[in-house]
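In what follows, a single structure is set out as structure tokens and then discussed.
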Amino acid sequence: MEKFKTFTGIVAGVDRANIDTDAIIPKEYLRSIKRTGFGAALFSDWRYTADGSDNPDFVLNKPETAGAEILVARNNFGCGSSREHAVWAVQQYGFKVVIAPQENGIPAFADIFRNNCAKNGLLTIELTEAQVNEIFQILEREPGIKATVNLEEQRVTVHASTGDKVYRFDVDPALKDKLLKGLDDIAQTLQYESDIAAYEAVNR
């Protein structure tokens, strides 16, 4: 897993709540036994028309959002099934971060989706409803705007023409350390390889 580094990227907003995993990647794309090639299927029912051509009205097909790395959505993103392919599709499209709001007890992200993101190095950021509303308002005025994500300092800075908008976020310290170091579950365990070997030598 790659180390998470501070970066500046284009922001794309999908202004919908309760985007489930079947919308993120429909079930017909789950037949592959590989873990690659899912980026083209991300939001396929919305991105493509019936004949397979690009839907010009969908945000990811707009020229302003080409190469977007920061995805903003509404609450309960990634609900539905537990398919890890949904995370792979978001990540393999090119997104490094997904931002969503928590509102009135409704989570920003479904638990299983959030956990799958953590395992794959995709950062999920929870902001308030008011903050996400403000980001969508900026995107409406300035499509293709950029933002900087700094995990070390736990802030997102949206570079609006009227001035930078800074949003601070919380993150589990263990997850933060894992992402900054680029450690998956196996790599985390291997940090203690010598201790494990010593224990096994004594307890055979």
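The values are calculated or read from the model by the stated rules, or taken from the named source; none is laboratory data. Since the structure is predicted, the reported quantities are computational estimates derived from the model, not experimental observations. A quick note on method: Cβ atoms are made from the backbone with ideal geometry, for glycine too, and the neighbour counts reach across all protein chains shown.
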Quick one: what pairs do we get from region 71-94, first residue at pLDDT below 95, second outside any loop (DSSP other than H, G, I, E, B), C-beta under 6 Å, 6+ apart or different chains?
80/20; 80/21; 80/22; 81/21; 82/112; 83/21; 84/116
Within region 1-50, which residues are among the charged types (D, E, K, R), within 24 Å of residue 141 (Cα to Cα) and touching a residue at least 60 places away in the same chain (Cβ under 8 Å)?
15
Residue satisfying condition, being crowded, with 17+ Cβ neighbours inside 10 Å and at negative phi, within set 141, 155, 168, 83:
83
Based on this model, can you work out whether residue 36 counts as assigned to a strand (DSSP E or B) and surrounded by fewer than 16 Cβ atoms within 10 Å (Cβ to Cβ)?
no
Of all residues being under 19 Å from residue 77 (Cβ atoms) and small (Gly, Ala, Ser) in region 39-60, which is surrounded by the fewest Cβ atoms within 10 Å (Cβ to Cβ)? Just the residue, please.
39
Out of all the residues in region 107-128, is one or more of a type in the set (Asp, Glu) and in a strand (DSSP E or B)?
yes
